[in-house]
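Below: the structure, in structure tokens.
The values are calculated or read from the model by the stated rules, or taken from the named source; none is laboratory data. Fair warning: this is a prediction, and the values are worked out from it, not measured in the lab. Glycine also receives a Cβ, built like all others from the backbone with ideal geometry; neighbour counts cover every protein chain displayed.
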Amino acid sequence: MSYNTIISEFEDGIQHITINRPKQLNALNKETIEELSRAFQQAEDDQNVRVVILTGSGEKAFVAGADIKEFASFSVEQGKALAAEGQQKLFNKVAEMGTPVIAAINGFALGGGLELAMSCHLRIASDNAKMGLPEVSLGVIPGYGGTQRLAQLVGKGKALEMIATAGMIDAEDAYRRGLVNHVTFPSELKELSLKIAGKIKKNSPTAVAAAIKAVNAGYEDGKNGFDEEIKRFGEAFGTPDFKEGTTAFMDKRKPDFKGE
Ligand code: DAK
């Protein structure tokens, strides 16, 4: 599949998706959102993809937000429609993927960029990264799930401070607050992302996917996370991966999970 604004490459069980608009600090326009949506869907549909790593091109930014030049002229109706469509097409889609997604945050992650990183299952930041939701400085509010996901990750008080002040926090602060899982040198960001992806890859893809669904259920309206866990736990016993995992343990060998 060919893209204009992103690069999507497969290597050794990992889909590397790179947002590739470095001159605009990888700002998300409609085309980028559309292409990311397609690339994530393709990764989710491909059984060979065990982990996705998402990053930005260049050395300065993961994503510096939604493309301000594009959304500057939106009307009330367009704003509402696009928020709903974008959340559905990309941000919720990433969060709900069974294939784990790691955001490798290689610089600014602002507005829609931080919202995208927060949709991912894990976040690893380089020590030069800066994160924030500066929407109110432009007269809007976060529209791609940021008011909810930031509060879930850092707590309501800090989320409201970040949103209302439109300020940025650095990678160390983000780490202390649980917004990112790890911080590393820029030169080691890819290596650390690959290392963590490598650990995930060894495990049963069906079990990892089920665990993501169970964790997510606790944050979804009308769902009970404990009930979802019981359901998914029971279902795991019927999978070939479960048979392989337990058999391999008893045979004292490494499991060869097929993701079934
Ligand atoms: N959009 C478009 N272009 C951007 C951009 C953005 N978000 N961020 C940077 N650029 C462009 C700059 O305009 C500049 O382009 P040229 O002038 O060279 O053509 C180029 O990238 C380099 O940027 P700077 O020259 O500004 O670089 P600096 O190092 O001086 O500053 C910065 C880096 C990240 C501090 C600065 O670029 C900056 O403040 N950027 C804007 C950050 C921001 O406010 N982002 C938007 C947050 S609001 C919606 C749902 C959600 C949203 C919108 C709509 N709907 C459902 C409709 C979300 C909104 C947001 O994300």
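Tabulated data for the structure shown
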quantity	calculated
Test: residue in the stretch 18-27 that is away from the ligand (no atom under 14 Å from the Cβ), within 15 Å of the chain's Cα centre (by Cα) and over 28 Å from SER137 (Cα atoms)	no
Leading residue by the ranking (surrounded by the most Cβ atoms within 10 Å (Cβ to Cβ)) among those in the stretch 39-57 that are of a type in the set (A, V, I, L, M, F, W, C) and outside any loop (DSSP other than H, G, I, E, B)	LEU54
Close pairs (7 angstrom Cβ cut-off, 6 or more residues apart or separate chains): at pLDDT 95 or above in the stretch 212-239, among the aromatic types (Phe, Trp, Tyr) and surrounded by 15 or more Cβ atoms within 10 Å (Cβ to Cβ) anywhere	ALA236/PHE242
Residues of the stretch 80-93 classified as within 9 Å of the ligand (Cβ to nearest atom) and under 15 Å from PRO142 (Cβ atoms), total	6
Filter result (acidic (Asp, Glu) and over 25 Å from ALA43 (Cα atoms)) within the stretch 111-151	ASP127, GLU135
Qualifying residue in the stretch 21-35 (condition: surrounded by 15 or more Cβ atoms within 10 Å (Cβ to Cβ), part of a helix (DSSP H, G or I) and aliphatic (A, V, I, L, M))	yes
Residues that are within 15 Å of the chain's Cα centre (by Cα) and among the polar types (S, T, N, Q), drawn from the stretch 33-57	SER37, GLN41, THR55
Which numbered condition ASP127 misses (of (1) surrounded by 15 or more Cβ atoms within 10 Å (Cβ to Cβ); (2) more than 21 Å from GLY79 (Cβ to Cβ))	(1)
Output for the stretch 67-79, where each listed residue is more than 8 Å from the ligand (Cβ to nearest atom) and more than 15 Å from GLY111 (Cα to Cα)	SER73, SER75, VAL76, GLU77
Leading residue by the ranking (farthest from PHE108 (Cα to Cα)) among those in the stretch 150-162 that are of a type in the set (D, E, K, R) and without any contact (Cβ under 8 Å) to a residue 12 or more places away in the chain	LYS156
Residues satisfying the stated conditions in the stretch 58-72, i.e. over 14 Å from the mean Cα position of the chain (by Cα) and crowded, with 19+ Cβ neighbours inside 10 Å	ALA61, ALA64, GLY65, ALA66, ASP67, PHE71
Options THR147, THR165, THR184, THR99; residue that is among the β-branched types (Val, Ile, Thr), within 12 Å of the ligand (Cβ to nearest atom) and either out of contact with any Phe, Trp or Tyr (no Cβ under 7 Å at 6 or more places or on another chain) or free of Cβ contacts under 8 Å to residues at least 24 places away in the same chain (or both)	THR147
Test for ALA64: is it more than 21 Å from LEU122 (Cβ to Cβ), among the hydrophobic types (A, V, I, L, M, F, W, C) and touching a Leu at 6+ places or on another chain (Cβ under 8 Å)	yes
Test: residue in the stretch 57-66 that is in contact with a Phe, Trp or Tyr (Cβ under 6 Å, 6 or more places away or on another chain), farther than 17 Å from ALA129 by Cα and within 16 Å of the ligand (Cβ to nearest atom)	no
Residue match in the stretch 203-212 (condition: out of contact with any strand residue (DSSP E or B) (no Cβ under 6 Å at 6 or more places or on another chain) and loosely packed, with under 13 Cβ neighbours inside 10 Å)	no
